[in-house]
There are 2 protein chains.
Amino acid sequence: MKKPPRTLTAKRTFSQNIGLVRRIKNLSQEAIGEKADLHRTYIGQIERGEVTPTLDAAERVAHALGLELWEVLQPDFSVDALVGQERKQ
Amino acid sequence: MKKPPRTLTAKRTFSQNIGLVRRIKNLSQEAIGEKADLHRTYIGQIERGEVTPTLDAAERVAHALGLELWEVLQPDFSVDALVGQERKQ
């Protein structure tokens, strides 16, 4: 009766949304890296799904984009949410 | 004009909520570790904030508790949400 483990999707959702928001905001990987205090190549690796960041590193990247980590991890995260976020700030 | 970096809260929110849900569900660290394929001592370390899990490890723990990672990371996550989740399943 043991259920099969659910597929892990957080890493992928995170990397996709991070890349999406970064491009929408027209920011370079270098700019995000500087804000998040992470190397720009690491930002690239995150976006390509080559590395799995810790909660801390992931949160720093989200913050560098003006977002909270839980927001970026939502499967239904959309640009609309981003626009809402911008208005609140 | 450089804004100070926001405080990192995801790790703490995660560890607190994980511990809370685990106790509400009356599950042992060992049971969660087994479900998440992580050592029970690692579950304890996460709950005490001694380690910072990767997105993958954090998601496996959340899934072991029947939740999604983004849900557990929400600062306003509450037992009410958990009850709602249970009903949906």
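What follows draws every value from the coordinates through simple rules; no lab data is involved. Only a predicted model underlies this, so the values are computations on that prediction, with no experimental measurement involved. Don't worry about glycine lacking a Cβ; one is built from the backbone with ideal geometry, like all the others, and counts go over all protein chains shown.
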Q.
Using each residue's phi in segment B:36-53, evaluate 6.51 cos²θ - 1.76 cosθ + 1.60 at θ = phi - 60° and report the 3J(HN,Hα) Karplus result to the nearest Hz, with x for Gly and Pro.
A. 8, 6, 10, 5, 4, 5, 5, 4, x, 5, 4, 4, 8, x, 7, 10, 10, x
Q. With Cβ to Cβ distances under 15 Å as the rule, what net charge do the other residues near A:SER28 carry (K, R +1; D, E -1)?
A. +2
Q. How much FRET efficiency would the formula 1/(1 + (r/R0)^6) give for B:ASP56 and A:ASP56, where r is the Cβ-Cβ distance and R0 is 22 Å, rounded to 0.05?
A. 0.95
**Q.** Shortest-first distances to equivalent copies, position B:ILE24, nm, label 7 Å out along Cβ
**A.** 3.0
Q | Sites A:SER28 and B:THR41, calculated FRET efficiency, Cβ-Cβ separation with R0 41 Å, nearest 0.05 | A | 0.50
Q | Calculated on alpha-carbon atoms, Rg and Dmax of segment B:10-78 in Å | A | 10.3, 28
Q: Could you list A:LYS25, B:LYS35 in order of exposure, starting from the residue whose Cβ has the fewest other Cβ atoms within 10 Å?
A: A:LYS25, B:LYS35
